[in-house]
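Before any comments, here is the structure.
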Amino acid sequence: MKILVINAGSSSLKYQLMDPNTGDVFAKGQCERIGLDGKLTHKVPGRDNYVAEIAMPSHSEAIQSVLDILVDAQYGVLATTDEIDAVGHRVLHGGMEFSESCIIDDDVIAAVERCIPLGPLHNPANLMGIRACQAIMPNTPQVAVFDTAFHMTMPAKAYMYALPWEYYEKDNVRRYGFHGTSHRYVTLRACELMGRKDIKLINCHLGNGSSLSAVYDGKCQDTSMGLSPLAGVPMGTRTGDIDACVVQYLMNRYGYNVDEMLNILNKKSGVAGMSGVSSDFRDLENAADEGNERAALALEKFAYEVRKYIGSYAAALGGCDVLVFTAGVGENSGEMRERICNGLEYLGVKLDPEKNKIRGQEAVISAADSKVTVLLIPTNEELMIAKDTAELISK
Ligand code: ADP
């Protein structure tokens with residue numbers, strides 16, 4: 001079986017053609033600068049990358065260029081696009097409409113449209129990707145996989161904000177959470193590796209965007225992001241949780257409007273804003289090693305806030321059996337994992353310094369006598385999307 005996984009952003013579109021059963025990737029790549037000029041980067045394992053400038057006024061041309069390269073005599077991997085069994089789309093915000101993946105029809109599109117106010121930056125782009133695929137491949141089934149869906153099992157005490165009730169009832173204002181496909185993937189893998197499902201699990205998805213989830217019996221009980229991905233721990237360029245009055249104070253002082261203020265909170269803050277160096281944790285580690293105190297403080301702050309969330313989720317779950325690290329930072333930075341776990345000994349977390357040197361590979365990285373099993377699990381959101389897609393179309 002061959003599933004095309006699409007992650008459409010406003011000016012970019014990532015794709016992977018993969019086998020949902022084996023996880024084998026036949027080809028992957030991305031279109032960038034959609035709406036400006038257009039650039040396609042296409043990778044086939046074991047072959048040279050193909051990079052080309054191709055006019056992409058809209059997502060339609062981007063999708064068409066992906067299909068063209070997939071069947072290209074020299075760079076392609078398919079004889080015809082009919083070999084694509086289905087397309088799985090990553091969709092950011094499913095609001096309260098979706099608690100699982102589903103086959104896309106007119107009702108699903110209308111519901112994703114209703115969620116645009118909740119995901120104003122991403123949902124319109126996701127819809128453009130869906131519509132472009134529908135137009136170009138009208139006979140190929142399309143599936144939507146939502147970033148919010150895994151978190152829909154949270155109890156009300158976790159997802160409600162302590163706001164006047166009508167904002168929830170009338171306006172659907174609540175915690176939703178994101179990176180759900182990643183949290184679901186590592187949860188499934190952790191349960192498989194532990195050989196049981198009834199574990200108290202804390203997942204740390206630490207990348208450019210970061211979020212944690214508290215999971216019991218395979219179901220999400222709480223998560224750090226909120227109505228939007230701005231909440232939770234500090235990130236590459238996002239503040240994470242912040243006193244709302246800081247917003248009022250800065251807007252009054254500098255005359256910012258809401259968009260300007262949100263741009264600061266989303267794009268100019270986090271470890272990049274604190275350090276003034278970079279949003280990339282490798283740059284921060286290098287700068288800190290060279291004596292840059294603000295970079296060192298940004299790293300310390302990040303680790304501290306992640307550790308605080310782990311502590312609060314252990315309290316929420318009444319303990320912790322397994323702690324998982326995933327995503328760019330979680331998978332690659334043993335240094336950051338160590339900073340975070342340093343101080344969690346009271347909880348029964350004890351890393352094995354040798355095992356913790358590993359990068360990007362599934363592994364147990366806790367010591368043999370650690371009460372909490374610490375796992376490194378590389379996330380694979382594309383595989384999860386491909387598996388959901390395959391399962392839904394074979395029903
Ligand atoms: P995104 O949220 O964009 O999907 P990723 O999960 O790919 O992000 O994570 C990207 C981040 O991972 C980069 O900001 C980079 O700082 C971090 N990263 C990647 N490799 C390393 C490494 N070896 N050490 C520290 N950080 C790393």
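Here, each number is a calculation from the coordinates, and none is a lab measurement. These numbers come from a predicted model, not from an experiment. Glycine also receives a Cβ, built like all others from the backbone with ideal geometry; neighbour counts cover every protein chain displayed.
Below are the figures for this structure:
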{"quantity": "Qualifying residue in segment 33-40 (condition: under 22 Å from the mean Cα position of the chain (by Cα) and farther than 22 Å from S182 by Cα)", "calculated": "yes"}
{"quantity": "Subset of segment 314-333 that is within 11 Å of the ligand (Cβ to nearest atom) and touching a strand residue (DSSP E or B) at 6+ places or on another chain (Cβ under 9 Å) - its residue that is farthest from G207 (Cα to Cα)", "calculated": "S333"}
{"quantity": "Residue count, segment 155-181 (criterion: in a helix (DSSP H, G or I), under 19 Å from L317 (Cβ atoms) and touching a residue at least 60 places away in the same chain (Cβ under 8 Å))", "calculated": "1"}
{"quantity": "Given (1) within 16 Å of the ligand (Cβ to nearest atom); (2) within 12 Å of the chain's Cα centre (by Cα); (3) not β-branched (V, I, T), number of the condition F146 does not satisfy", "calculated": "(1)"}
{"quantity": "Subset of segment 362-395 [more than 16 Å from the ligand (Cβ to nearest atom) and part of a helix (DSSP H, G or I)]", "calculated": "A386, K387, D388, T389, A390, E391, L392, I393, S394"}
{"quantity": "Of all residues making up segment 193-207, the number that are away from the ligand (no atom under 16 Å from the Cβ), surrounded by fewer than 24 Cβ atoms within 10 Å (Cβ to Cβ) and within 21 Å of the chain's Cα centre (by Cα)", "calculated": "0"}
{"quantity": "Of all residues in segment 208-218 being part of a loop (DSSP other than H, G, I, E, B) and within 15 Å of the ligand (Cβ to nearest atom), the one that is surrounded by the fewest Cβ atoms within 10 Å (Cβ to Cβ)", "calculated": "N208"}
{"quantity": "Members of segment 101-118 that are touching a residue at least 60 places away in the same chain (Cβ under 8 Å) and assigned to a loop (DSSP other than H, G, I, E, B)", "calculated": "S101, L118"}
{"quantity": "Count of residues meeting criterion [of a type outside the set (G, A, S), over 10 Å from L265 (Cβ atoms) and within 14 Å of the ligand (Cβ to nearest atom)] in segment 221-242", "calculated": "5"}
{"quantity": "Residues of segment 335-362 satisfying the condition of being out of contact with any Gly (no Cβ under 6 Å at 6 or more places or on another chain) and crowded, with 18+ Cβ neighbours inside 10 Å", "calculated": "M336, R337, I340, C341, L344, L347, V349, L351"}
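This table checks each residue for (1) without any contact (Cβ under 8 Å) to a residue 60 or more places away in the chain; (2) farther than 22 Å from N380 by Cβ; (3) in a loop (DSSP other than H, G, I, E, B).
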| residue | (1), (2), (3) |
| --- | --- |
| M1 | no, no, yes |
| V5 | no, no, no |
| S10 | no, yes, yes |
| G23 | no, no, yes |
| A27 | yes, no, no |
| C31 | yes, no, no |
| A55 | yes, yes, yes |
| I69 | yes, yes, no |
| A73 | yes, yes, yes |
